[in-house]
Amino acid sequence: DLETPEVTIAYREITPSVQRVSEYVRNVERTILCKKDNEEYGILINDIFYFESVDKKVFAYCEKEVYRTNDKLYELEEMLSQSGFVRVSKSVLINVEKLTGIKTLANSKLEAKLSNGESVCVTRKYLKDIKGEYPPTSLSFIYILHPHQDHSLSFDHSLSHSEVSFQG
C-alpha cells in the first residue's frame, strides 16, 4: 500500500532506451507554466502535442486547447530534449509520443501527423532528429512515401513489437 506511486525499471546496462524510459517516467507529473485568457496554468508536458513559435511568441498545443508560454523555443528544446520532444522545423517542437506518422507532400515537404488529428510541417533538415527520438517502444525507423502515390502510413504505439500499417 503505497502513498506515492513507484516505478521500477529493471535493466542490465544503461542504454539510450533505458535513459529515455527513465526520463519519461520522471516527467509524468512535470508541468510547463502557460497562460490562456490572462490565467496561468501548469500544463503537464505529456499533455502537450507540440510547441510553435509565431511572431516571437511560443504556443503549447494540447489535444483541444492552445496556451501561450513565456519560454523561448530553444529553451524548451533544451529543457525537454530527454522527454520526447524534438525539433521538426525552425519554429516547431513535437512530442514524439503523439506522432502517428509522417507523409511526403507533393511539393517535397514532409508532414507529421499527430494523434489529435493535427498535422505539422517537417523540414527535411530535422528528419534525422525524429528518427533518433522516436519512442523506444515503437518503430525505430520511419518510411517516407513517394508523393505521387496515394498511400498513408501509421504507427501503432500499443504494440510491443514494430508494426506498420499501410493504406492506399
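The values are calculated or read from the model by the stated rules, or taken from the named source; none is laboratory data. Treat the numbers as computed from the prediction; the structure is a model and nothing was measured. All Cβ positions, even for glycine, are placed from backbone atoms using ideal geometry, and neighbour counts span all protein chains on display.
If I filter the stretch 90-98 for residues that are in contact with a strand residue (DSSP E or B) (Cβ under 9 Å, 6 or more places away or on another chain), farther than 26 Å from Ser17 by Cβ and not small (Gly, Ala, Ser), do I get at least one hit?
yes
What number of residues in the stretch 67-93 are aliphatic (A, V, I, L, M) and modelled with pLDDT under 95?
4
For the stretch 15-28, indicate whether the set of residues that are under 27 Å from Gly117 (Cα atoms), loosely packed, with under 11 Cβ neighbours inside 10 Å and among the basic types (Lys, Arg) is non-empty.
Within the stretch 15-28, not a single residue is under 27 Å from Gly117 (Cα atoms), loosely packed, with under 11 Cβ neighbours inside 10 Å and among the basic types (Lys, Arg).
Which residues, counting only those in the stretch 67-90, are within 14 Å of Phe49 (Cα to Cα), under 16 Å from the mean Cα position of the chain (by Cα) and in contact (Cβ under 8 Å) with a residue 24 or more places away in the chain?
Leu76, Leu80, Ser83, Gly84, Phe85, Val86, Arg87, Val88, listed by residue number.
Can you confirm whether Asp37 is surrounded by fewer than 17 Cβ atoms within 10 Å (Cβ to Cβ) and over 17 Å from the mean Cα position of the chain (by Cα)?
Taking the combined requirement at face value, the residue satisfies it.
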